[in-house]
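Since the structure comes first, as C-alpha cells, the remarks are kept for the end.
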Amino acid sequence: MIKLLDGGAYLVNGAEIIPDSNEAVDAIRSKTGKEISKKEAAEATIAYGILKSHNTSGNMDKLKIKFDKLTSHDITFVGIIQTARASGLEKFPVPYVLTNCHNSLCAVGGTINEDDHMYGLTCAKKYGGVYVPPHQAVIHQFAREMLAGGGKMILGSDSHTRYGALGTMAMGEGGPELVKQLLNQTYDINMPKVVGVYMTGTPMKGVGPQDVALAIIGAVFKNGYVKNSVMEFVGPGVSNLSADFRIGVDVMTTETTCLSSIWKTDDEIKEFYDIHGRSADYAELNPGEVAYYDGMIEVDLGAIKPMIAMPFHPSNVYTIEELNANLEDILVDCEKKALVSLDGAVDFKLTDKIRNGKLYVEQGIIAGCAGGGFENICAAADILKGASIGADEFTLSVYPASTPIYMELARNGALANLIATGAIVKTAFCGPCFGAGDTPANNAFSIRHSTRNFPNREGSKLQSGQIASVALMDARSIAATAANKGYLTAATDVPERIGQYKYHFDKSIYENRVFDSKGVADPSVEVKFGPNIKDWPSMVALTDNLVLKVVSEIHDPVTTTDELIPSGETSSYRSNPLGLAEFTLSRKDPAYVGLAKEVQKAEYARRDGKAPATELKELGDVMNAINKVYPDAVNENTGIGSTIFAVKPGDGSAREQAASCQKVLGGWANIANEYATKRYRSNLINWGMLPFIIDEGELPFKNHDYIFIPQVRKAVEEKASEIKAYKVDAEGLHEFTLKLGELTDEERQIILKGCLINYNRVN
C-alpha cells in the first residue's frame, strides 16, 4: 500500500525509480545516454523550479521568497493587518484575499464576529484587497477556484493552505509571515528537501481521497519522513485521479508536517481551470527527464482500503476492515493513548460504543476544505439515495465548501437526495474543523471528513468535564455508515452506486457578492473598529540577561497548537490580544495563565524602576543567588519573564496566537527537545521569543524552577550555537546548555528588538 524508501532516489522519465546508490549513475546513463549529476537532478524537480522563480536572494541554499498572492480568514486577518498597520502599511502590495469562514456564525460574544468582518471589508477597500463575505466559501476552496495558478506561490495564515494539486506551491504560516509580505519583505528558509510521492494504480470503488491521505499520514508522521519538506506527487497513478480527488489528498499533506506540496499537472487540471473560467492560469508541470528526490514514498492506489484515523490524531490510522475485525482491542488501545492526551482529566471511553459487536457512532460530518468538495458530496448523496439516517442518536451534517458548489448540488439533485435522508445541508463554514458548530454530546463519537481530530477539536471542554471525540474518514464511508444508521461501515461494503457528475461553475455568485478592489486602494476609506479589536501591547527589546520562571512543563510526545491556545469559541477573541491570552493553555495546564501573570508583574515593576521582588517575593532570593556569581546582573539589564517546556510543541494549526499569547503574558522563550513544525518555531521568533532546544534526557529543571541566562543578548548577536544557562535554587547556580538552532540575520534582529512589530517600526 505505502512504501518508504530508505534514502534518496532518482525518477527517470517520470516513470521509473532508481534508488540512490553507487550504481545509480550507471543505471541512469544506460537509460538516458546522459551523465547527470545528483545536483542537476535535484534541480529538475517541479518544486525546485517554482522556488527558484520566486527566490530573490540569488542563493538557492538560502531562499528569500516573495509570494504571488496571500490569503487569510476572519480568525487571523485582523491581527495581521493590525500588525502591518502598526508598521506603516499603506497598500497591499500583492493580491490579498480576506475570507470569512471561521467566525461566520456570529453567535459568540455579541457583535464581535461581525465587527471583525466589517473591519475586513473596510481594510479590503482601503488597502486594495478582496473580501469574501461569510458563508460564500471556505478559505481554501475560494483559493482553488479563484487564486491558484500553475507555477505560482501562495502564502496563507491557515495551516491547510495547500493548492499543490493545481500546480501552485502554497504554504500555511503564522500571521507575521504574511505581515512581512505586506511590508515587501521576504519569507526566509533554507532550501527544503523534496520528497517524491510516486503513485501507481487506480483507487478501488468506494475509496476516496481521505483514505489515500490517511494512509500516507499514517506511514510518515511518526518517523518525520517528510517533516519541513516539500512533497512532490508524481507517477502514472496521478493521471488516474480526478482534480477533486487530488485536491482532497493534497489538503491533508499538512498533517504529515511537510512544508508544502506540488503535483505534476495534466489535462484533468487544465479542465479544472477551464471550468472555472481561468484557462490562462493553467501550466503543465512535470519533473525533468531525471529528477532527484531526498526521499520517495511509493503509493499503490489500488491497494488502499477505506481508512479511519482514530482519536486523537490523524496519524492514528487503521483500515476500517482492521478496526471492525479487532474492535475491542483497538478501542482499548485508543483509551490507553487517551490517558496521555487528556492527562486523565475525564473518564474517556470508546468500548461503550460497541453494540451487538459493531461500532456505533453518534454523528457524521462532511465539511470544509477536505470534505466539502463537489465529488465527495455527490458520492455521499449517491450512496445514501433512497436510504434514511434514522431517528436515533445518529445525525449527519454536510457543508459544501463554497456557494458555487452548493448551487451545483441543488441543480443536479444531490442536495435533494441528501436532505431526503434526514441529513442537514449547511452553508460553507470551517466550524466542524476547529470546534465551532456541531459539537457532539458528552461522550459521543463523531466521524468526520475534515482535517483534524485532536482532543477537543470538536468543541468539547475538558475543563468543564466534557469529552467527545472524532475519527477522520472519507465522505464515502461516512455516507455508508449513515445509510447503516450509525453503525461503522466501509463504502466498499455497500452496493456500488457512485455516478459521474460534470461540474459547472457559476461565477456570477461571486461577481454578485464578493468585493474585489482589483488591486486599487482607496486611502479615503476609514477602517471600522469594533470594541473588541485591540492593538498589540508594547513589547520591550531583549535584555542583556534573562531570569525565566518555568510556568508549565508538558511531557506529552507532541503538543498541538490547539493545546497551546484552544480553538472553538476562543477564536472570537483573536482580535483582542489580552482577551485571548486568558485562554492560553487553558485545556492543558489551567494554572499557566495565573503563574505567567505573577511573573509578568515583576517584569513590569522592573521596567518601572522598582525592585521585582516587590511583586514576587521569591525573586529576592533568586537574584541574591545570581548576584553572588554575576554581580553585574541588575534590574536595568536583566529581564524577568516566563517560559514553558514541552517535548515537541507546535503540531497542527498555523495560528500565531499559540506564541503571541505567551508573549502577551510575559513569555520570553520556549524550551523543547524539538519543534513539531517550522510554522510554530517561526511564530515564536516573530513574537520575539527565544526558541530554545535542549537535548533529550533528564531535564535539569522542573516546573516552577527559575532559570538564569547570562549574556543572552550577546549570544544572539554573536550567533552562538550554544548558550550557557543555570537553574537557580537555594544551593546556588547549576549550569546546563541550551541551543538556539539556525537563525537568519533578520530573525536575530527580530528577537533582539523584541518582536516583528518593533523590528519594522525601527526599520
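Just so you know, all these numbers are worked out from the coordinates, no wet-lab data involved. Computed from a prediction, not measured in an experiment: that's the story for all the values here.
The tail of the calculated P(r) for segment 307-508 beyond 25 Å holds 33 percent of all Cα-Cα pairs. Centroid-to-centroid, using Cα positions, segment 236-303 and segment 323-363 are 36 Å apart.
For segment 58-92 and segment 604-672, what is the centre-to-centre distance using only Cα atoms, to the nearest Å? For segment 58-92 versus segment 604-672, the Cα centre distance is 29 Å. Mean residue ellipticity, 222 nm, helices only, the chain: the sum of -39500 (n - 2.57) across DSSP H runs of n ≥ 4, divided by residue count and rounded to 500, is -8500 deg cm²/dmol. Against the empirical 2.2 N^0.38 Å (N residues), segment 545-762 has a Cα radius of gyration ratio of 0.95. Counted over segment 307-508, the DSSP beta bridges are approximately 35% antiparallel. Between segment 490-538 and segment 435-489, what is the separation of their alpha carbon centroids in Å? One Cα centre to the other: 25 Å.
So what is log10(I(q)/I(0)) for the chain at q = 0.05 1/Å, when the Debye sum runs over its Cα atoms only? The calculated log intensity ratios at q = 0.05 Å⁻¹ are -0.25.
When both bridge partners sit in the chain, DSSP labels roughly 40% of those beta bridges antiparallel. Rg and Dmax of segment 521-652, based on Cα coordinates, read 18.3, 61 Å.
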